[in-house]
Amino acid sequence: MIEVLNKMPRLGVAVAGLGRIGRLHAEIIKVWVKDAELVAVVDVIESLAKSVGESFNVKWYTNYDKALQDPRVDAVVIAAPTFLHKDMIVKAAEAGKHVFVEKPLTVTSEEAMEVKQAVEKHRVKLQVGYNRRFDYAYSKAKKDIEEGVIGKPLAYLAVARDPDAPPGWVADPKLSGGIFLDQLSHDFDMARWLMRDEIIEVHVVGGAYIHESVKEKGDLDVVSIVFKFANGAQGFIHGTRKFPYGYELRTEVFGDKGVIYVGTNRDELYARGTKDGLTYFGAPWFVKRFYDAYVNELTSFTKAVLEDKEPECTVIDGLRAVQIAEACWRSVKEGRPARVILNP
Ligand SMILES: NC(=O)c1ccc[n+]([C@@H]2O[C@H](COP(=O)([O-])OP(=O)(O)OC[C@H]3O[C@@H](n4cnc5c(N)ncnc54)[C@H](O)[C@@H]3O)[C@@H](O)[C@H]2O)c1
């Protein structure tokens, strides 16, 4: 039996894009995902591809198309900038490779529809990297809500504050989707997932109050979104691109029999007590906060492919987050509530 298990095929994975999150995914596949094997890494920056490839002792490429021709590659993890996701997914699907793509799925819903058609046509699996679904606390919230612990969920409330202005290409909403898609689509996904319902209308108040760089590119840095679910429940998300203590991510789901709280704005593992009082520090940034969730999501993706099952966060989930973000931009521009166009 053990011999049979040892002979079960492992999923050959290439990671494309080795920046903030891609290097982390490569490390996680190499070290933690036992049914996957890191077989290649890709980045257009040669020195980066080479150093990461050599450090993990795997093949490295600077050309994504060439990596897709590698027969050892069964699946790709796409962690390149968001505006490249659509083309990279379509190419992977055409090459018959399964896809794990970092959130958000694409910049526009038209691109997301193209992606949907490509993965369906070529019958490859696609999972979107909404990692909070695999986090210990959010998963526990989901389980409690499903088991009726808080009764009927009536409101989703969230505060999401990133430490500072988005870096590099992320600062341009045409490339990243801006604050709604790049940052707050995690919350749109959580709201849909925890409430098991679709967001159908959003009303946004927001502006670029803090960062000149954000204002210049046409993005916003402080926003409040009030929204409605199809079944009549309500929601509120407050997002900022600045938080002096580091990282703040708090979520509540209010039901008619109770409430769920997820997250804190402080590092609960360390405090300093002096004559001046007790001092806590800010919660750690995403790499530390969600490391286990990244391990769990890639493990789940590997299992879905090897066992031929639907991945946990599908192309439709990715599409919905894009559609909600697009409605947010319409609401900002028109200064009134906007319907979310749920098509299909
Ligand atoms: N789930 C999360 O918590 C999380 C966190 C950070 C970023 N992200 C997402 O991950 C994606 C990448 O973000 P990032 O912050 O790591 O970006 P980044 O700019 O740090 O890294 C992107 C890397 O992709 C490389 N690249 C560019 N074009 C390429 C191509 N054609 N082929 C291969 N590599 C190419 C770049 O050289 C760079 O090294 C984005 O979609 C972002 O939204 C998700």
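Counting Lys and Arg as +1 and Asp and Glu as -1, what is the net charge of the other residues whose Cβ lies under 15 Å from the Cβ of K30?
On the way: positive: R10, R23, K34, K59, R72; negative: E27, D35, E37, E54.
Every neighbour counted, the sum reads +1.
What list do you get for R272, R133 if you sort them by fewest beta carbons within 10 Å? Show your work: numbers first, answer last.
Numbers: R272 10, R133 22.
The order, fewest Cβ neighbours first, is R272, R133.
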Along the dipole axis of the chain (charges at Cβ: +1 for Lys and Arg, -1 for Asp and Glu; origin at the Cα centre), the most positive-end residue among L269, A80, L38 is L269
In a GNM of the chain with a 10 Å cut-off on Cα contacts, which of A230, A79, A14 has the highest mean-square fluctuation?
-> A230
In whole Å, largest first, what are the principal axis extents of the Cα atoms in the chain?
-> 54, 52, 46
Taking alpha-carbon centroids only, the range 157-215 lies from the range 109-153 a number of Å equal to 18
Distance violations [Cα-Cα > 25 Å] among K30/K242; K30/K303; K257/K309; K103/K125; K217/K333; K228/K288 = K30/K242; K257/K309; K228/K288
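For I45 and S213, what does the FRET efficiency come to when R0 = 30 Å and r is the distance between their Cβ atoms, rounded to the nearest 0.05?
Values: r = 23 Å, r/R0 = 0.76.
That pair, I45 with S213, gives E of 0.85.
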Label-point separation, Y280 to E146 (7 Å along Cα→Cβ), nm = 2.9
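Would you work out the charge dipole size for the chain about its Cα centre, treating the Cβ of every Lys and Arg as +1 and the Cβ of every Asp and Glu as -1, and quote it to the nearest 20 debye? Numbers along the way, then the final one.
Numbers: 47 positive and 49 negative charges, 54 e Å.
The calculation lands at about 260 debye.
Looking only at chymotrypsin sites (Phe, Trp or Tyr not before Pro) in DSSP loops with at most 16 other Cβ atoms within 10 Å, what is the longest site-free stretch of the chain? Show your work: numbers first, answer last.
Working: sites that count: W32, Y209, Y245, W285.
Formally, the longest exposed-site-free interval is 33-208.
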Measuring from centroid to centroid over Cα atoms, what is the spacing of the range 17-41 and the range 282-344 in Å?
-> 20
Under 16 Å from the Cα of K174, which aspartates and glutamates turn up, not counting those fewer than eight places away in the same chain?
-> D87, E110, E111, D182, E216, D219, D221, E326
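Can you work out D for the range 263-344 in µm² s⁻¹ from Stokes-Einstein, where Rh is the Kirkwood radius over C-alpha pairs, the temperature is 25 °C and the viscosity is 0.890 mPa s?
The Stokes-Einstein estimate is 144 µm²/s.
Report the longest stretch of the chain that contains none of the GluC sites (Glu not before Pro) sitting in a DSSP loop with at most 13 other Cβ atoms within 10 Å.
So the longest stretch without any such site is 148-306.
Quick check: net charge around P81, other residues with Cβ under 12 Å of its Cβ, Lys/Arg +1 and Asp/Glu -1?
On the way: positive: R20, K86, K174; negative: D43, D87, E102, D172, D182.
Taking every Cβ under 12 Å from that of P81, the sum is -2.
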Share of antiparallel DSSP beta bridges in the chain, in percent to the nearest 5?
-> 55
What residue among L194, G235, F254 has its Cα farthest toward the positive end of the dipole of the range 134-275, where the charges are +1 on Lys, Arg and -1 on Asp, Glu, each on the Cβ?
-> F254
Taking the Cα centre of the range 209-276 as origin, sum charge times position over the Cβ atoms of Lys and Arg (+1) and Asp and Glu (-1), and report the length of that vector in debye to the nearest 20.
-> 80
When the charge dipole of the chain is computed with +1 at the Cβ of Lys and Arg and -1 at the Cβ of Asp and Glu, the Cα pointing farthest to the positive end, of L24, F180, P244, is that of P244
Rounded to a whole number, the Stokes-Einstein D of the range 127-279 in µm²/s (Kirkwood radius over Cα pairs; 37 °C; 0.692 mPa s) is 197
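Just how large is the dipole of the range 127-211 about the Cα centre, in debye to the nearest 20, putting +1 at every Lys and Arg Cβ and -1 at every Asp and Glu Cβ?
For this selection, approximately 200 debye.
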Listing T314, T279 by rising number of other beta-carbon atoms within 10 angstrom, fewest first, gives T279, T314
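Bear in mind that the values in this text are calculations on the coordinates, not laboratory data. Please read these numbers as outputs of a predicted model, since none were measured by experiment. Glycine also receives a Cβ, built like all others from the backbone with ideal geometry; neighbour counts cover every protein chain displayed.
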